[in-house]
Amino acid sequence: MEKQVLQITFLSDDAGLGEAIARALGEGFLLRTNGVQRLDEFREILEWSDVVFLDLRRSKRQTEDAGLRQLEEICSRTGHPPVLTLCDTEDHTFLLQTTAMGATDSVPNPPNIAELRLLFRSAYRVFSAERELRRMRSQEMRSGHLRELLGSSAAMLELFALAGRVGPCDVNVLITGETGTGKELLARAIHQIGPRSSSPLVAFSCANLPEALVEDELFGHEKGAFTGAIQLRQGRIESANHGTLFLDEIGDLGLGLQPKLLRVLQEKTFERIGSNKMIYADVRLISATNRDLRDMVEQGKYREDLYYRLNVVELRLPPLRERRDDIPVLVHHFIKKSAQRFHKKELHVTPSAMKALEQHHWPGNVRELENAIQRAMVMSDGQTLELSHLPALLRNGSPEKLPAQVVQNAAPVISNEDHPTEHEPAPLNSSYEDEMKRFKRSLVLRTLRQNGWRKAESARALGVARGYLHRLINQLDIKPDEKLPTVDKEMKLPPAGPVM
């Protein structure tokens, strides 16, 4: 619903003109004049105002830049109301300058009241629509959706909430996580909900590239700077001016380039290769890495000052094995996406195929899962996605790899306190899948007993989500207070650790 009364602040020392405009606007507008000069007074003004009307007439400006500083201060604040400026009719250059700095529109002096009413209403409608869009995006994040990032697990909902707070704030962000977890998708989502969403996002990966090539890509070069430089070339930093620069694999950035990037972040200036001319670049930097930058700093492989500039806020994307509850949601999302791409109908996933997908270790994370679904969509010629359509590694029931520390600490045999002494050998014709099921059942049961059947503690000990542990208990038909089954003397069970 459109607001009935618009609250307008006229920033001017000309109280007489403000009173005249207020009377002329009539019903539906509440205009107050404020001759604020101190920047610390802007917060209260912006919170009250639906629209700011800034007096930039030459006769009312103490200096040429006085009004522009006020305009810059208003437009630098996140979520500021729309700003209309009152300028001298003949001052066209100045009028264009104010628009470039962020003013919604400019009104020539003397103002036309009928036109002014329309401009105030129009500016507020655009502002309120943008505010509603930000609210809807925030609501999407709380419901487990951040643009192309999906998830309803506790880890992802916490990430969405943090990203929702960080996105609108114009600060540098460091995204950490394993390869394939969706770091670039998160970077694009942060850009879209940030104050620079109308400006470009420029992405570049520093992974495994020669330092000279990375320098040329980031900073650009002048014509004739080196052999083959036949024309001037803008770098990624210059292209991202006033927008967002996303640098993937920032941990691979060479020591020689780190001080140059630090200068861009501190001074907002840089030089192209082959030039000594300073170029201004105002960018928001979002970087990503699958490496431990703090550890690299301690080893002297990364500049500490650059690390702290990058890591104003750190967002960690959890690997897929830590958010198994999200796998069904992701599977259906990728089925829909692949169906559109391959012009096929969406497929129904059979229980055996979904079980294999949920139990896989996913070392390649979400990217590996998407590739597996694409492969299954291509292989299927019916209405269902079956186990036979999945890659061989998933069809064979490949067990989750146990961490080296767990393997090294593996107990030689289950203690006699945990199971009866009678020995019942496994059938000689048992399949690999049956053996793995038997192994998992014993490991889960032992962990539950050691933790007094407390599900949360058992899940943490096994390195899985609590919801996934509940599904394992149901799938393996584990009963409360059940004793451990008899096992072969040669069968070795490790202590509690990640389970597939």
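Brief remarks on what is shown
- For SER106, distant residues with modelled amide H under 5 Å away: THR85
- Length added when fully stretched, GLN383-ALA456, from 0.36 nm per residue minus Cα-Cα: 22.5 nm
- Relative to the 2.2 N^0.38 Å rule of thumb, the stretch 143-318 has a C-alpha radius of gyration ratio of 1.05.
- Loop-resident sites, the stretch 268-317, for chymotrypsin sites (Phe, Trp or Tyr not before Pro), counting at most 15 other Cβ within 10 Å (DSSP): none
- Annotation: amide H of LEU385 within the under-5 Å range of HIS348, VAL349, THR350, sequence separation 5 or more or interchain, hydrogens built in the peptide plane.
- Sparsely packed loop sites in the stretch 212-261 (the trypsin sites (Lys or Arg not before Pro) outside DSSP H, G, I, E and B with at most 16 other Cβ atoms within 10 Å) comprise LYS223.
- Once backbone amide H atoms are built at 1.01 Å from N, LEU315 has LEU174, ILE175, THR176 as its partners under 5 Å, excluding neighbours fewer than 5 places away on the same chain.
- Extension gain, ALA161 to ASN276, is 37.0 nm, computed as 0.36 nm per intervening residue step minus the present C-alpha separation.
- At R0 = 60 Å, FRET efficiency that the Cβ-Cβ distance of PHE342 and GLU267 yields, to 0.05: 0.75
- With the simple model of a label 7 Å out from the Cα in the direction of the Cβ, THR227 to SER122 spans 5.9 nm.
- Simple spin-label estimate for ASP170 and ASP477 in nanometres, 7 Å along Cα-Cβ: 6.4 nm
- Placing pseudo-labels 7 Å out from each Cα toward the beta carbon at GLU298 and ARG367 gives an inter-label distance of 2.7 nm.
- Among MET278, MET436, MET156, the ranking by other beta carbons within 10 Å of each residue's beta carbon, starting with the fewest, stands as MET278, MET436, MET156.
- Farthest towards the positive end of the charge dipole of the stretch 321-395, among the residues MET377, GLN340, PRO351, is the Cα of GLN340, using unit charges on the Cβ of Lys, Arg, Asp and Glu.
None of the figures in this text is laboratory data; all of them are computed from the coordinates on show. Everything quoted here is computed from the prediction, not taken from an experiment. Here Cβ is always computed from backbone atoms with ideal geometry, including for glycine, and neighbour counts include all displayed protein chains.
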